[in-house]
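K.L.:
The structure under discussion is supplied below as structure tokens; questions concerning it will follow.
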Number of protein chains: 2
Amino acid sequence: MEITTKVEPTCEQELAAIRDSLEILGGKWKLRIMRHLRNQIDENNTFKKIQREVTGISAKMLSKELQDLEINLLITRSVRNTRPVTVSYAITDYGLSVFPITESLVDWGLNHRQKIK
Amino acid sequence: MEITTKVEPTCEQELAAIRDSLEILGGKWKLRIMRHLRNQIDENNTFKKIQREVTGISAKMLSKELQDLEINLLITRSVRNTRPVTVSYAITDYGLSVFPITESLVDWGLNHRQKIK
DNA sequence: ACCATTGGTTAACAAAAGGTAACCGGTTAC
DNA sequence: GTAACCGGTTACCTTTTGTTAACCAATGGT
């Protein structure tokens, strides 16, 4: 039997962790894209389809954000043998782990709007 | 007896709520300030003291961030009759509601660092 | 030949966020 | 008088973030 000492993160490590999270999930588009992919899970999420449905996003931003999300293992990118070639994106199992955070942001934001008004 | 229908927020309302949350809690300094104020709850958190201890922040940013946090009812600002005059800041009860979010950001960020490396 | 669709890339620009340094009034210690 | 401490504010600059519009190659339809 192994004795594992749970390593308490230092305050600085915690701050770095918050920075990491906000860097990956923050910004104008990333969570919108993630939520869109989750809601359309049954469908085939091609680049153009996402661009049409995440209203307002440009090709440049969508391309960049999808790359960031893929690098961070939150989504997958798969090229399909259709004509013309289409590329479809999907959330990974790991990517699902962001939704508890988004839900807490939704809840807090909704409550805050009540509080402030 | 009253029948209350729980109002499900629309997708757009949820996105607006996320935007609100990230606007209020995002950025480089706000959560750092909040966490600092929480950790030093027994002490008297004056402007200069916060500035010394939240390393790297300038007077300009600290002033602006504290104003934002106060407007959003997360902290209080109280001028004290000391000489020279000092101003002390403290988290409100409502302000404590942000910490569950910060903890989820910490946990996710720490886990993500393991995942990526 | 010509146009449309897909999945992008590129350059140039604008807006937002943050950093630096100087300055301010009021006070108190020397 | 002058220097230092407090709690800021102001102007100016840089960096980051996001927008706009043009362009590209590959494929298919007419």
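K.L.:
Out of the residues in region B:76-110 that are within 14 Å of another protein chain (Cβ to nearest Cβ) and over 27 Å from A:LEU31 (Cα atoms), state the one that is farthest from DNA strand C (Cβ to nearest atom).
P.N.:
B:ASP93
K.L.:
For B:ASN45, are the conditions met, namely being away from chain A (no Cβ under 14 Å) and polar (S, T, N, Q)?
P.N.:
yes
K.L.:
Within region B:1-15, track down each residue that is hydrophobic (A, V, I, L, M, F, W, C) and within 7 Å of another protein chain (Cβ to nearest Cβ).
P.N.:
B:LEU15
K.L.:
Name, by its number, the condition in (1) among the polar types (S, T, N, Q); (2) closer than 18 Å to A:THR86 by Cα; (3) not in a helix (DSSP H, G or I) that does not hold for A:GLN51.
P.N.:
(3)
K.L.:
Return the pair list, or none, for Cβ contacts closer than 7 Å from residues in region A:7-26 that are over 18 Å from A:SER97 (Cα atoms) to residues that are open to solvent by 30 Å² or more (accessible area, probe 1.4 Å), at least 6 apart or on different chains.
P.N.:
Going by the 7 Å Cβ cut-off, the qualifying pairs are A:PRO9/B:LEU110; A:LEU15/B:ARG32.
K.L.:
Still on this structure, I have one more. Quick check on my filter: what residues within region B:27-39 are touching a Leu at 6+ places or on another chain (Cβ under 8 Å) and either open to solvent by less than 40 Å² (accessible area, probe 1.4 Å) or touching a residue at least 60 places away in the same chain (Cβ under 8 Å) (or both)?
P.N.:
Here is the first cut: in region B:27-39, the ones touching a Leu at 6+ places or on another chain (Cβ under 8 Å) are B:29-35, B:38.
Scanning region B:27-39 gives B:TRP29, B:LYS30, B:LEU31, B:ILE33, B:MET34, B:ARG35, B:ARG38.
K.L.:
If you take the residues of region B:54-73 that are crowded, with 16+ Cβ neighbours inside 10 Å and more than 11 Å from DNA strand C (Cβ to nearest atom), which of them is nearest to the other protein chains (Cβ to nearest Cβ)?
P.N.:
B:ASN72
K.L.:
Right, next: Pick from A:LEU37, A:LEU31: which is within 11 Å of chain B (Cβ to nearest Cβ) and assigned to a helix (DSSP H, G or I)?
P.N.:
Step by step, each of A:LEU37, A:LEU31 is checked, and only A:LEU31 is within 11 Å of chain B (Cβ to nearest Cβ) and assigned to a helix (DSSP H, G or I).
K.L.:
What are the pairs, 6+ residues apart or on separate chains, where a residue within region B:40-67 that is in contact (Cβ under 8 Å) with a residue 40 or more places away in the chain has its Cβ under 6 Å from a residue that is more than 15 Å from DNA strand C (Cβ to nearest atom)?
P.N.:
B:ASN44/B:SER88; B:ASN45/B:LEU37; B:ASN45/B:SER88; B:ASN45/B:TYR89; B:THR46/B:SER88
K.L.:
Another question about this same structure. Does B:ILE50 satisfy the condition of being more than 19 Å from A:ILE18 (Cα to Cα) and within 9 Å of the chain's Cα centre (by Cα)?
P.N.:
no
K.L.:
Sticking with this one: Between a residue in region B:79-98 that is farther than 24 Å from A:GLY109 by Cβ and any residue that is more than 8 Å from DNA strand D (Cβ to nearest atom) and assigned to a strand (DSSP E or B), which pairs come within a Cβ distance under 8 Å, given they are 6 or more apart or on different chains?
P.N.:
From region B:79-98, the pairs are B:VAL87/B:SER78; B:SER88/B:SER78.
The values are calculated or read from the model by the stated rules, or taken from the named source; none is laboratory data. These numbers come from a predicted model, not from an experiment. Backbone-built Cβ (ideal geometry, glycine too); neighbour counts: all protein chains shown. These area figures cover heavy atoms from the full protein model, side chains too; ligands, DNA and RNA do not enter into them. Shrake-Rupley method; radii C 1.70, N 1.55, O 1.52, S 1.80 Å.
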